[in-house]
Amino acid sequence: PAVFLLTGIPGLEKVQSWLTIPLCTMYVVAVMGNCTILLIVHADPSLHQPMYYFLSMLALSDLGLSVSTMPTMLSIFLLKSREVNVNACIAQLYFIHTFSLMESAVLLAMAFDRFVAIQQPLRYTSILTDSTVLRIGLAFAARSVFMVMPTPILLRRLQFCLPNILSHSFCLHQDVMKLSCSDRRINSILGLFVVVSTMGLDSVLIVLSYILIIGTVLGIASRDERLKALNTCVSHICAVLIFYIPMIGISMIHRFGKHASPLVHVLMADVYVLVPPVMNPIVYSVKTKQIRQRILLRFHRQR
C-alpha cells in the first residue's frame, strides 16, 4: 500500500472532535513550556551552568518529540484524515525514536550532573566545564541519530500487505513492522538491540547513579544538609519516572500484550509521547527555585 491508516481512540470516535481541545491544549503547553525554559536559560547569565544546560537539552528533546507527533495527531482529530504516506510515516517514526533516545540520554547526563554536584561539590565546575557539557551533548545526539538510522533503511526493504491499519495516531517502529508480510526478524532484533543498548543501559546507569548519590548523602552529618542535597534531585527523579514508566509500559504491551484492548495500546502510546513534554517544564518550573523565580520575574516585568 502507498499509505497507512492511522487510528484515533477506539470506541470514542463520536466524541473525537471534543478531544481536540485537550490535545491542542497539551501541545500548546508543551511547546510554550519548553520554549520558556530555553529562553529563560539563554537570557539569564546566572543560569549558564551545567545543570541548566542539560535542562535546555531536555527541553529541546521534548520539543522535538512534540513536533514529530503533532502533524498526524492533529490530522486525525482536527481534519478527520487517517491516511499517511508510507515514506512520511517512516520519517516520522525515525524522528520520534531519535528524540526519545535523546531524552533518555539527557536524563542520564542529568543524573551524572547531580552525582558530581553532591559527590564532588568543590570540583563541580572544574569537572563539568562548558566544553565537557558540549561534548556530552554532541555525543548523545550523535548516538541517538546513528542508532536509529538503520531503522528506516530496513523498513524500506520490507513488503507491506493489507490490512494497512496502524494501532496509533502516529507511527512507531514496532507498529509499522507488524504490518509487514515479509521476514522481519532483522528489524525485530535491531529494535530490541537499540532499546537495550540505549534506554536499557541508560536506566541502569541512572539507578546506579542514585545508589551512589544516596550513599554519599547518608554520609553527610547534618540532617538539613541531607535534605537539601536530596531536594536538588527531586525534579530529575520526577522527569525520569515520567519518561521511563510509560516507555516500559508501551514496550511490554507491544511485546506481551497481544490480547490487550486496543484502547490500552493507544492510551499508553499517547501518554508516552504527550506527557513528558508537557510535564517536564511544569515540574522544573515548580520544583527548581531559580527557574521559577526567573519566570515570575519575567512575567512581572511584562505586566
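The values are calculated or read from the model by the stated rules, or taken from the named source; none is laboratory data. Since the structure is predicted, the reported quantities are computational estimates derived from the model, not experimental observations. We place every Cβ from the backbone using ideal geometry, glycine too, and count neighbours over all the protein chains shown. Accessible surface is based on the protein model in full, side chains and every heavy atom, while ligands, DNA and RNA are left aside. Shrake-Rupley method; radii C 1.70, N 1.55, O 1.52, S 1.80 Å.
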Revision key, fill the gap. Checking Arg301, Arg292, Arg255 in turn, the sole residue that is open to solvent by 40 Å² or more (accessible area, probe 1.4 Å) and modelled with pLDDT of 75 or more turns out to be Arg292
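Find the residue count for the range 201-228, including only residues that are of a type outside the set (A, V, I, L, M) and modelled with pLDDT of 90 or more. Walk me through it before giving the result.
Going residue by residue through the range 201-228, those that are of a type outside the set (A, V, I, L, M) are 202-203, 209-210, 215-216, 219, 222-226, 228.
Now drop any that are not modelled with pLDDT of 90 or more, which leaves 202-203, 209-210.
Qualifying residue count, the range 201-228: 4.
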Review point. In the range 10-57, what residues are at pLDDT below 90, among the hydrophobic types (A, V, I, L, M, F, W, C) and open to solvent by less than 20 Å² (accessible area, probe 1.4 Å)?
Key: Leu23, Leu47
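Here is a yes/no grid of residues against (1) under 22 Å from Thr232 (Cβ atoms); (2) touching a residue at least 12 places away in the same chain (Cβ under 8 Å); (3) out of contact with any strand residue (DSSP E or B) (no Cβ under 7 Å at 6 or more places or on another chain); (4) open to solvent by 30 Å² or more (accessible area, probe 1.4 Å):
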| site | (1), (2), (3), (4) |
| --- | --- |
| Gln120 | yes, no, yes, yes |
| Ser144 | no, yes, yes, no |
| Val148 | no, yes, yes, no |
| Asn164 | no, yes, no, no |
| Arg184 | no, yes, yes, yes |
| Thr198 | no, yes, yes, no |
Exercise for review: Looking only at the range 165-172, decide whether some residue is outside any helix (DSSP H, G or I) and within 26 Å of Ile291 (Cα to Cα).
Suggested key: no
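Of Ser126, Ser131, which residue is surrounded by fewer than 22 Cβ atoms within 10 Å (Cβ to Cβ), without any contact (Cβ under 8 Å) to a residue 60 or more places away in the chain, of a type in the set (Ser, Thr, Tyr) and closer than 25 Å to Thr216 by Cβ? Give the derivation first.
Numbers: Ser131 fails: closer than 25 Å to Thr216 by Cβ.
None of the others qualify; the one that does is Ser126.
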Check your understanding: Out of (1) surrounded by 15 or more Cβ atoms within 10 Å (Cβ to Cβ); (2) of a type in the set (S, T, N, Q); (3) without any contact (Cβ under 8 Å) to a residue 12 or more places away in the chain, the odd one out for Asn231 is which?
Key -> (1)
Exercise for review: Give Leu172, Leu190, Leu263, Leu205 a once-over and let me know the one that is within 22 Å of Met149 (Cβ to Cβ), in contact with a Leu (Cβ under 9 Å, 6 or more places away or on another chain) and open to solvent by 30 Å² or more (accessible area, probe 1.4 Å).
Suggested key: Leu190
Point to revise | Answer residue from the range 267-298, given it is more than 15 Å from the chain's Cα centre (by Cα) and of a type in the set (S, T, N, Q) and is farthest from Leu101 (Cα to Cα) among those | key: Gln293
Check your understanding: Within the range 71-87, can you find the residues that are open to solvent by 50 Å² or more (accessible area, probe 1.4 Å) and more than 15 Å from Ser167 (Cα to Cα)?
Key -> Pro71, Leu78, Leu79, Lys80, Asn85, Asn87
